[in-house]
Amino acid sequence: MGLGTKAAIFARRLRTASFQRMNQNIQAIHRETGRNRCALFLDMLWCTFRYGVGYLDYHVFGFAKNRGANRKTFMTMNHNVALARMVNDSSLYPLLNDKFLFLEKYGAFLGRRWLDLREADWEALRDFCLAHGTVFAKPHADFGGKGVEKLTPGPEEDFPALHRRLRENGQFLVEEAICQHPEMNRLCPASVNTIRVVTLVVEGEARFVYALLRMGSGQSHVDNISSGGMYTLIGPEGVLEFPAFCDKTGLYYDRHPATGTVFAGFRVPCFVQAVELCRRAALVEPRLGYIGWDVAVTPDGPVLVEGNNLPGYDMAQNAKFHPDGRGLLPTFEALLGRPIPRA
């Protein structure tokens, strides 16, 4: 990347930066490391220019304690976008971004029934709800757990009114609730706790890159990080080794704050099967070569929840999960067989 391009990216980052949040991160890093605040500020600016790393990534990646060649090993937002452009056909993104298209394309991996309120009337909604007990109503094109509502309507429910309300709210998708594996309930029974599995299709083979475990905080029925959930890296054998991090609180947890379940040593059930499920799903449409799959684990095995065409690059590179101080860029490039440019 040329000097002019770096300067343009640097200027764009400065224009869009929240200096209040930058200061909050500097204060947090100062408390964690004892480093001088002014020195941290200057180093943040340098890392934005040199590596394309913003202040949030600077904090999460542990750059205050990590210098030299190690910094070059981190996947940045620019790398992430460039990789998606290299291996994903963007014309196929609706298959992942529209939940109805996703459910139809990847139906063999879902393990649950669903209803489309754009076509189904209130009587169909009634029959569906009474047959399944607990259901989830969702917008079909939103992400991050937005608009997701848990429903347990009984025979006395005013189904015409419920049908009308859901349609007015754009919650056209109604899904059978996923029955979660007892071990995953032990982490947090209030939410379906999912495995984020990232795959990369290279030369017709779906390759596993990494996996994260995402959990609800106990305050919500979704595990999304943007809704206050937590995450931690899953080891290659499906065993947790590190604490979980919550973006909302900025804290690491050795045990779940609601259930008390200890993270280190926890074995994720059906982990190998979950990875294989995602590898098979990745080959349904290999022109979407870089996908982050969300997988739930039921008593009968893993099932797909959704797929994401631009998996987050930051969570898996949290400094707590990499004591050696190295990021995932070499891992991606080794699997891909070529360098990934900064977009």
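The values are calculated or read from the model by the stated rules, or taken from the named source; none is laboratory data. Just so we're clear, the structure is a prediction, and the values are computed from it rather than from any experiment. No Cβ is skipped: glycine too gets one built from the backbone with ideal geometry, and neighbour counts run over all protein chains shown. To get the accessible areas, we keep the full protein, side chains included, count just its heavy atoms, and leave off ligands, DNA and RNA. Shrake-Rupley method; radii C 1.70, N 1.55, O 1.52, S 1.80 Å.
Considering each of Gly54, Gly62, Gly68 in turn, give the residue that is at positive phi and either surrounded by 16 or more Cβ atoms within 10 Å (Cβ to Cβ) or at pLDDT 95 or above (or both).
Gly62
In segment 51-82, what count of residues is obtained for those that are without any contact (Cβ under 8 Å) to a residue 12 or more places away in the chain and part of a helix (DSSP H, G or I)?
So the first thing to find is which residues in segment 51-82 are without any contact (Cβ under 8 Å) to a residue 12 or more places away in the chain, and the list is 67-69.
Within this subset, residues satisfying the condition of being part of a helix (DSSP H, G or I) are 68-69.
The qualifying residues number 2.
Which members of segment 21-50 meet the condition of being outside any helix (DSSP H, G or I) and either in contact with a helix residue (DSSP H, G or I) (Cβ under 7 Å, 6 or more places away or on another chain) or touching a residue at least 24 places away in the same chain (Cβ under 8 Å) (or both)?
Arg35
Residue under question is Asp247, and the condition is that it be over 20 Å from Ala296 (Cα atoms), at pLDDT 95 or above and surrounded by fewer than 19 Cβ atoms within 10 Å (Cβ to Cβ); does it hold?
Answer is no for this residue.
Pairs, please: C-beta under 8 Å, at least 6 apart or cross-chain, first residue on the phi < 0 side of the Ramachandran plot and in segment 303-328, second in a strand (DSSP E or B) and among the acidic types (Asp, Glu)?
Leu304/Asp294; Val305/Asp294; Glu306/Asp294; Gly307/Asp294; Asn308/Asp294
Going through segment 258-298 one residue at a time, which ones are open to solvent by 40 Å² or more (accessible area, probe 1.4 Å) and within 23 Å of Leu187 (Cβ to Cβ)?
Selection gives Ala258, Thr259, Val262, Ala264, Gly265, Arg267, Val272, Gln273, Glu276.
For residues that are of a type in the set (D, E, K, R) and surrounded by 16 or more Cβ atoms within 10 Å (Cβ to Cβ), scanning just segment 96-118, find the one that is farthest from Val192 (Cα to Cα).
Lys105
Filter segment 299-319 down to the residues that are open to solvent by 20 Å² or more (accessible area, probe 1.4 Å) and over 27 Å from Glu203 (Cβ atoms) and list them by number. I'd like the intermediate steps shown before the answer.
Going residue by residue through segment 299-319, those that are open to solvent by 20 Å² or more (accessible area, probe 1.4 Å) are 299-300, 302, 305-306, 308-310, 312-315, 319.
Listed by number, the residues that qualify are Pro299, Asp300, Val305, Asp314, Met315, Ala319.
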